Amino acid sequence: MGFVALEGVGKVFQGRTGSWEAVRDFTISLEEGEFFCLLGTSGCGKTTVLNMLAGFEAPTSGRILLDGKPVTGPGADRGVVFQGHDSLYDWLTALDNIGFGLRLRGLPRSERRATAERFLKMVGLTGQGAKHPSELSGGMKQRIQIARALANDPRILLMDEPFGALDAMTRAVLQAELSRIWAETKKTVLFITHDIEEACALATRVGVMKRGPGGTLKAVVPVDLPFPRERTSDGFMRVFREVHALIHEEIHGGH
Amino acid sequence: MGFVALEGVGKVFQGRTGSWEAVRDFTISLEEGEFFCLLGTSGCGKTTVLNMLAGFEAPTSGRILLDGKPVTGPGADRGVVFQGHDSLYDWLTALDNIGFGLRLRGLPRSERRATAERFLKMVGLTGQGAKHPSELSGGMKQRIQIARALANDPRILLMDEPFGALDAMTRAVLQAELSRIWAETKKTVLFITHDIEEACALATRVGVMKRGPGGTLKAVVPVDLPFPRERTSDGFMRVFREVHALIHEEIHGGH
Amino acid sequence: QGAPIRMTIATGVDPSFAQFYVARESGIFERNGLDITVNTGPSGSAMIAFLVGNQINAAYGAEQAGVSAHLVDPNVVVVAEGVALIRWIGIVGRNIANMDGLKGKRVGVARGTGSETFWLSVVSRMNLNPADYTIVNVEAPEMVAALERGNIDAYAVWEPWMTRGVRAISGASILTTNENIQIIRNLIYMNKGWAEQNAEATQRFMRSMIQATDLIASNRDQAVQNVSRFLRQDRALVAELMTKVDHRLNLTSDTVANVQLAIDQLRGMNRLSKEVTPSQVIWTGALSQVAPDRVRI
Amino acid sequence: MRRSTVATSRAATIAGYVAGFLLLFAIWHLAAIYLVRSALFPPPWPVFERAWLLIEDRILQEQIVASMRRILQGFLIGSAVGVPIGLAIGSFRPVRMLLEPWTEFFRFIPAVAMITVSVIWFGIGEESKIFLIAYATVFVVIISTAAGVGAVGRDKIRAAQCLGASRLQIFALVALPATVPYILTGMRVAMANAFVTIVAAELVASNDGLGKMLWDARLFMQIEDIFVALISLGLLGFLTDRVFRLLIRAFAGRFNPTM
Amino acid sequence: MRRSTVATSRAATIAGYVAGFLLLFAIWHLAAIYLVRSALFPPPWPVFERAWLLIEDRILQEQIVASMRRILQGFLIGSAVGVPIGLAIGSFRPVRMLLEPWTEFFRFIPAVAMITVSVIWFGIGEESKIFLIAYATVFVVIISTAAGVGAVGRDKIRAAQCLGASRLQIFALVALPATVPYILTGMRVAMANAFVTIVAAELVASNDGLGKMLWDARLFMQIEDIFVALISLGLLGFLTDRVFRLLIRAFAGRFNPTM
Ligand SMILES: Nc1ncnc2c1ncn2[C@@H]1O[C@H](COP(=O)(O)OP(=O)(O)OP(=O)(O)O)[C@@H](O)[C@H]1O
Ligand SMILES: Nc1ncnc2c1ncn2[C@@H]1O[C@H](COP(=O)(O)OP(=O)(O)OP(=O)(O)O)[C@@H](O)[C@H]1O
Ligand SMILES: [Mg+2]
Ligand SMILES: [Mg+2]
């Protein structure tokens, strides 16, 4: 059994307009240090899976184990980059947002500041640390979120389309950074994206979900390529085409 | 002088932490029926330009003309798809959100409903119209926003990364739909995106901005290719490379 | 004499409670070795309740409130009669010639106050049939407004509302005052338990009250000045109001009769939780220590 | 910090309330017996006995009905007036500039001080009492509503503008529904004002009601009656608030009120 | 509907207020002369004359200082007690279950009815008056704060949990700052309660203050004095509220209060 294990996990939402089965019988096991990318059409249940693993929501069936122990709630071992920007603290500057986790651990101000500045630089926002979230552009907010999660140095990173609102170049830079950090620290990563190329470039395995309702894991493609990856290499192309075909099939199967 | 004209437009924000020149001397003129794509690095001022054209914020220098008349505030002639999902009405269902513009115009309920259903189908959410925004996934919210703007049939469409949170296939479907609607109705479109391919596939002209502070229009590339566009054609490739080079240059010029 | 003894006393704010004000403003308390805080509330009666918890050491107010407080705590007792209100309460009518004209009309009465007591006395003394009148329960300030608007035709009220109402509203006049109906008395109260434990303070206080009463009788001008300064009211008004009352400091059969009347009225209103007699409510001990001749029961 | 799971049964909530009240009465009992020991502060038992007597004689019920009618009428009128004014103040700058001095002036003037004025205007009947309660309600609703309008998401208003909404439509179709949580919180706070003011209102020419009962009892020092009136007010307020919340959950749940 | 541009000068605001008040007094004048015409409803002029006299004699100033001290002390104590309780009720379910019956019971019991109890506990000195004002303040602050905690964005709390925040840290570092706008709105509403209650508080054994002035004037039918006291309360409230807002803008601007 892996480091992270989801066993037959399902989630049914009880809405005002009836119930909705978002996820059905989702099973996966992740080794420690694995970089797992989750792909799927919009609304298939990716965020829901991430929320359950993060401990924000309890599954309505199945169980989730972390290091053999059931997940009962969120914790500092699992850092989350949220879809959307509501999770930033409006009353703190960008820098203080990044250093928030360190503050929680009672680190002295100067140390906090140094670390936060380092991650601010990493996401390409040097010199803009004094702005408040309301003064940041969409992409900048997303980068602050990423920096905040990384600065806290969790064992597991759960990232929900972290690079979605970024231009190609900023994105490439951050992909490289993330890959480097992952390689150095051997974090376990669950990474949700819509970008197949991104998935193939970063992941050790790529999972593709079936469309909802009752979204579930359709197939898992291992990516046994060395890092850093050459996006024009034959191996990369092969994996890309495989994943692409899976998703294409998924969409045209139902549309 | 074009249908839409920005003449030497600049915007300086007065923040608590000092002032920030987001946009400087931005000049562009759009013909009626043009599809203009705006690209640029994160934080360069794209959203700020769109906000001024929409009439949400006044430029601090220069002027903006629409059909020869200065823009003084927002209006139904300019439909906006916002970056982020805060603009949806939490207390309305997805369907009612889409039909909101029609309701404002006093259309009878049945007509409203029919149109809203049509656009709900267009964005691939048939059957999910009764959900409230809090029950929708990130990509679904974005699609509702797009449907709402389109359903209102404005003369000018201002779209801020409308397809940002969507998977490749949903994205392709919506791109095709938007292109079709644009060709049929001859709307004028200002479209912000980070995806160069998307820009080249949709636009009649692509504008690339310099990075901030003082973001401004660096170059405009005309895309004289017939619709629907073949993404593997030589013409497409040539335009793609040109735009890519412009952006690449922009980033590496300053990094 | 050593250091002055501290005491807190409380009452309402009108010239009928003049002894308290005069004793303080003219220095009588000081000369008797007392350091007194005078607290005031909207009515003297309302302050009597504070004797129950020993929040204050003496109060000055009407009989009914005193009896009610005594029912709650038997330690609350009358130690002296302070003033007889000669022409203090009356009935003001609008466009009504005399008491006969009042028949069939609406009369404003402030329930539970001297206003109601007085109305009950008018009914019994003049042999009126209560069914002939519509009683409307109104507070004093609103009586004037209600009379002016025509919500009521007359009201039973105390000074200064009688004089002021007649001046403010055209067609209003005084139909009767309490002079020939019933003399109302305001009594001075103490907490008996406290008074017995603090005999020295009690004696000094009673002595001060007697001296203040004498001063009011002997030097009216100075008394008026003291009262108007304490109340921050203009002297003419105070002087006029003080002609309507008669200050004294004693315990007489009149006191007993008034307490008995209050007990009877409370019983009539079903407000008497247990039977009491005037001799339980009145405690002669305090006054007889300093001026036995003033106790004439 | 965790949001309550829907599963937490209603029964648990009610049990919590009952426990809370029992504790309240227990503390009262102990305080009255050991701590305060004043003739003016009775222990709960004689008060309950007195309340029972008043209930058996149907006296308490009468007072409750009289007071509750006034409270609800005044509260509803005050809210009905306050919501549109608050929306207008929050939405339109000229209205704010003109009306704010008024509301910000009057809301500091106590209802008890307005008694005489209200009698001049409305006479000594029910109207003046209801006016006083509405007066005590209206300003809280106004200020909460206006604050709520200020908190409406910027993009929500912008989106409506781009869809062609007139000022009036933004007002009615965006500002109003988006402000509902604030309005409801304001109304809940204002409800307490209505209850509190009934006592002042029934100081005017009143022949029934809990406030009247309280004043009479004060005057004649009927301590138990005072406490019966107080507890009735407290319990009625508590119950009204619960009913209000239930109604909100049933009819306005989609506005996501945070209560 | 448009947000005020920062450029709208302060001068315009003040001009608006002055215009608002002038209009208020003009309407009062006309009402008193043509509409109401009651001996109990004086036109503004004699009231101003009387106010001037009281100011010259330094009497009005004394009353204002006495009342304002009580109001501010009570208000601050009430707020200081209310904010943590409100946060706790909003954050922790057991606390809510236990305390809500209490707060939801007492907030409906008028301060004026608590006079006797407060005198028993605190004597007839300043303490009992300050207690009454704090009592009138605390519940509004509690309910607003608790409502604010309920409105804290879900993702903000989740993010803190993932960063390793303890319940206490979420409470202090997320719930509290995110709730600041609600707390401040609550305090603004509560401030009116403090002003309103001063009149009840000074009904008890008080020798100075605007409330005392009001009661005395009522007793002696000094209509002008009543109105002087009322207008003083209204204006003082208005000014206090403005100062409060300025302080908020200066010190808590980053919490984005919507006022
Ligand atoms: N709170 C909720 N109540 C009801 N239904 C919900 C809720 N949250 C999500 N859903 C539904 O569950 C399904 C999956 O949502 P989820 O957010 O997991 O999708 P996703 O894969 O993350 O999509 P996207 O790529 O668009 O973000 C959707 O159909 C959505 O409508
Ligand atoms: N309200 C504001 N106050 C102060 N600065 C602001 C404000 N809004 C935007 N800015 C600044 O202006 C610059 C441009 O922001 P804008 O939102 O236009 O960027 P963008 O090109 O849309 O970026 P993205 O692709 O990340 O959305 C940024 O540096 C941002 O910090
Ligand atoms: Mg998602
Ligand atoms: Mg942007």
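Observations on the structure shown:
- Selection over segment D:189-231 of residues that are surrounded by fewer than 24 Cβ atoms within 10 Å (Cβ to Cβ) and not hydrophobic (A, V, I, L, M, F, W, C) gives a count of 7.
Okay, residues lined up against (1) modelled with pLDDT of 90 or more; (2) within 13 Å of ligand 1 (Cβ to nearest atom); (3) at the interface with chain E (Cβ under 10 Å from one of its Cβ atoms):
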| residue | (1), (2), (3) |
| --- | --- |
| A:12 | yes, yes, no |
| A:16 | no, yes, no |
| A:30 | yes, no, no |
| A:48 | yes, yes, no |
| A:70 | yes, no, no |
| A:78 | yes, no, yes |
| A:90 | no, no, yes |
| A:101 | yes, no, yes |
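- All conditions in (1) under 24 Å from residue C:269 (Cα atoms); (2) within 13 Å of the chain's Cα centre (by Cα) hold for residue D:219, with the sole exception of (2).
- Exclusive hit being in the same structural domain as residue E:182 (by TED's automatic domain parsing), aliphatic (A, V, I, L, M), more than 24 Å from the chain's Cα centre (by Cα) and surrounded by fewer than 17 Cβ atoms within 10 Å (Cβ to Cβ), set E:33, E:55: E:55
- Under the condition of being in a loop (DSSP other than H, G, I, E, B) and within 14 Å of the chain's Cα centre (by Cα), the residues counted in segment C:45-69 number 1.
- Single match in C:237, C:261, C:251, C:241 (criterion: open to solvent by less than 10 Å² (accessible area, probe 1.4 Å) and either over 25 Å from residue C:73 (Cα atoms) or assigned to a helix (DSSP H, G or I) (or both)): C:241
- Single residue of B:232, B:193, B:204, B:185 found to be open to solvent by 30 Å² or more (accessible area, probe 1.4 Å) and modelled with pLDDT of 90 or more: B:204
- Residue match in segment A:138-147 (condition: buried (at least 19 other Cβ atoms within 10 Å of the Cβ) and farther than 24 Å from residue B:45 by Cβ): no
- Meets criteria (within 14 Å of chain A (Cβ to nearest Cβ), open to solvent by 10 Å² or more (accessible area, probe 1.4 Å), without any contact (Cβ under 8 Å) to a residue 12 or more places away in the chain and over 30 Å from residue E:69 (Cβ atoms)) for residue E:167: no
- Of the residues C:287, C:272, C:266, the single one that is farther than 30 Å from residue C:167 by Cβ, modelled with pLDDT of 90 or more, crowded, with 18+ Cβ neighbours inside 10 Å and of a type in the set (A, V, I, L, M) is C:287.
- Among the residues making up segment C:216-234, those that are among the polar types (S, T, N, Q) and part of a helix (DSSP H, G or I) are C:218, C:222, C:225, C:226, C:228.
- Selection within segment D:197-218 - away from chain E (no Cβ under 12 Å) and either farther than 13 Å from residue D:70 by Cβ or touching a residue at least 60 places away in the same chain (Cβ under 8 Å) (or both): D:204, D:205, D:206, D:208, D:209, D:212, D:216
- Residues that are of a type in the set (D, E, K, R), more than 30 Å from residue E:100 (Cα to Cα) and within 12 Å of chain E (Cβ to nearest Cβ) do occur in segment D:77-93, at least one of them.
- Answer residue from segment A:154-178, given it is part of a loop (DSSP other than H, G, I, E, B) and more than 13 Å from chain B (Cβ to nearest Cβ) and is farthest from ligand 1 (Cβ to nearest atom) among those: A:155
- For segment D:95-109, residues that are of a type in the set (Val, Ile, Thr) and either more than 7 Å from chain E (Cβ to nearest Cβ) or more than 21 Å from the chain's Cα centre (by Cα) (or both) total 2.
- Helices (runs of 4 or more DSSP H) (entirely within segment C:119-215) containing at least 2 residues that are open to solvent by 50 Å² or more (accessible area, probe 1.4 Å), more than 14 Å from chain E (Cβ to nearest Cβ) and touching a residue at least 40 places away in the same chain (Cβ under 8 Å): C:192-197
- Evaluation of residue E:98 against (1) open to solvent by 20 Å² or more (accessible area, probe 1.4 Å); (2) touching a residue at least 40 places away in the same chain (Cβ under 8 Å) (one fails), failing number: (2)
- Looking at D:119, D:112, D:138, just one residue is in a helix (DSSP H, G or I), more than 10 Å from every other protein chain (Cβ to nearest Cβ) and within 22 Å of residue D:66 (Cα to Cα), and that residue is D:138.
- Residue B:50 near ligand 2 (Cβ under 8 Å from one of its atoms) and in the same structural domain as residue B:175 (by TED's automatic domain parsing): yes
- Breaking point among (1) in the same structural domain as residue D:209 (by TED's automatic domain parsing); (2) open to solvent by less than 60 Å² (accessible area, probe 1.4 Å); (3) modelled with pLDDT of 85 or more, for residue D:80: (2)
- Any hit, segment C:188-198, residues being acidic (Asp, Glu) and over 25 Å from residue C:74 (Cβ atoms): no
- Residue that is outside the structural domain of residue A:38 (by TED's automatic domain parsing), within 16 Å of ligand 4 (Cβ to nearest atom), part of a loop (DSSP other than H, G, I, E, B) and out of contact with any strand residue (DSSP E or B) (no Cβ under 9 Å at 6 or more places or on another chain), where the choices are A:129, A:139, A:124: A:124
- Answer from B:185, B:193 - the residue that is more than 16 Å from ligand 1 (Cβ to nearest atom) and closer than 26 Å to residue B:43 by Cα: B:193
- Among residues of segment B:179-213 being within 16 Å of ligand 4 (Cβ to nearest atom) and assigned to a loop (DSSP other than H, G, I, E, B), the one that is nearest to the other protein chains (Cβ to nearest Cβ) is B:194.
- Only one entry of C:72, C:92 meets the criterion of being β-branched (Val, Ile, Thr), more than 16 Å from the chain's Cα centre (by Cα) and open to solvent by 10 Å² or more (accessible area, probe 1.4 Å), and that entry is C:72.
- Screening segment B:37-61 for residues that are over 18 Å from residue B:250 (Cβ atoms) and in contact (Cβ under 8 Å) with a residue 24 or more places away in the chain and picking the one that is farthest from ligand 4 (Cβ to nearest atom) gives B:61.
- Hey, residue B:169 in contact (Cβ under 8 Å) with a residue 40 or more places away in the chain, open to solvent by 10 Å² or more (accessible area, probe 1.4 Å) and more than 17 Å from residue B:80 (Cα to Cα) or not: no
The values are calculated or read from the model by the stated rules, or taken from the named source; none is laboratory data. The shown structure was predicted, so the numbers you read here are calculated from the model rather than taken from an experiment. Ideal geometry is used to build each Cβ from the backbone, glycine not excepted, and the neighbour counts take in all protein chains shown. To get the accessible areas, we keep the full protein, side chains included, count just its heavy atoms, and leave off ligands, DNA and RNA. Shrake-Rupley method; radii C 1.70, N 1.55, O 1.52, S 1.80 Å.
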